Amino acid sequence: MSKPITHVPIPTFGPSMAIRVHRGHSMGAIQDGWMLYYNDDKSKPTADLNGKLCLVKLPNGRILTRIVKQAWDPNKWDLSTINGQQMINQTVEWAEPVLFIQPHVLTDEEKALLVEAEER
């Protein structure tokens, strides 16, 4: 039996920890219904998020899962996806890195509740 190469720290679940259910198939391996854990601090994006998987909120209210990269305009961001439309030079209200991903298969009842919530 081989020894582990490294030990992975357990994510800290503090008072601002939140969970968002990922919807759709735009992020490749991250499947519809998987739970994304993040700190809900609603922080403005900063350079340290460059290249990281984040939840981002756009001015139109949409919250998306994207890889964040600094755009050519210093106050804007490129939002990359695996299977969807790339969003270049975007204004982002807030961005929070995804800290933990939990695979989950949505039940029919959960799917119906999410669709109902999205229609509000």
Counting only residues that are outside any strand (DSSP E or B), touching a residue at least 24 places away in the same chain (Cβ under 8 Å), surrounded by fewer than 16 Cβ atoms within 10 Å (Cβ to Cβ) and not hydroxyl-bearing (Ser, Thr, Tyr), how many does region 35-57 have? 4
Of all residues in region 70-120, which are among the basic types (Lys, Arg) and at pLDDT 95 or above? Lys76
Can you spot a residue in region 29-48 that is among the aliphatic types (A, V, I, L, M) and farther than 25 Å from Leu113 by Cα? yes
Requiring at least 3 residues that are free of Cβ contacts under 8 Å to residues at least 24 places away in the same chain, the strands (runs of 3 or more DSSP E) wholly within region 64-120 are 77-80, 87-90
Per the filter on region 18-34, residues open to solvent by 40 Å² or more (accessible area, probe 1.4 Å), at pLDDT 85 or above and not charged (D, E, K, R) are Ile19, Val21, Gln31, Trp34
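The values are calculated or read from the model by the stated rules, or taken from the named source; none is laboratory data. Since we're looking at a predicted model, the values are computed, not measured. Heads up, the Cβs are rebuilt from the backbone with ideal geometry, glycines too, and the neighbour counts pull from every protein chain shown. The protein model used for the area step is the full one, side chains on, heavy atoms only, and it has no ligands, DNA or RNA in it. Shrake-Rupley method; radii C 1.70, N 1.55, O 1.52, S 1.80 Å.
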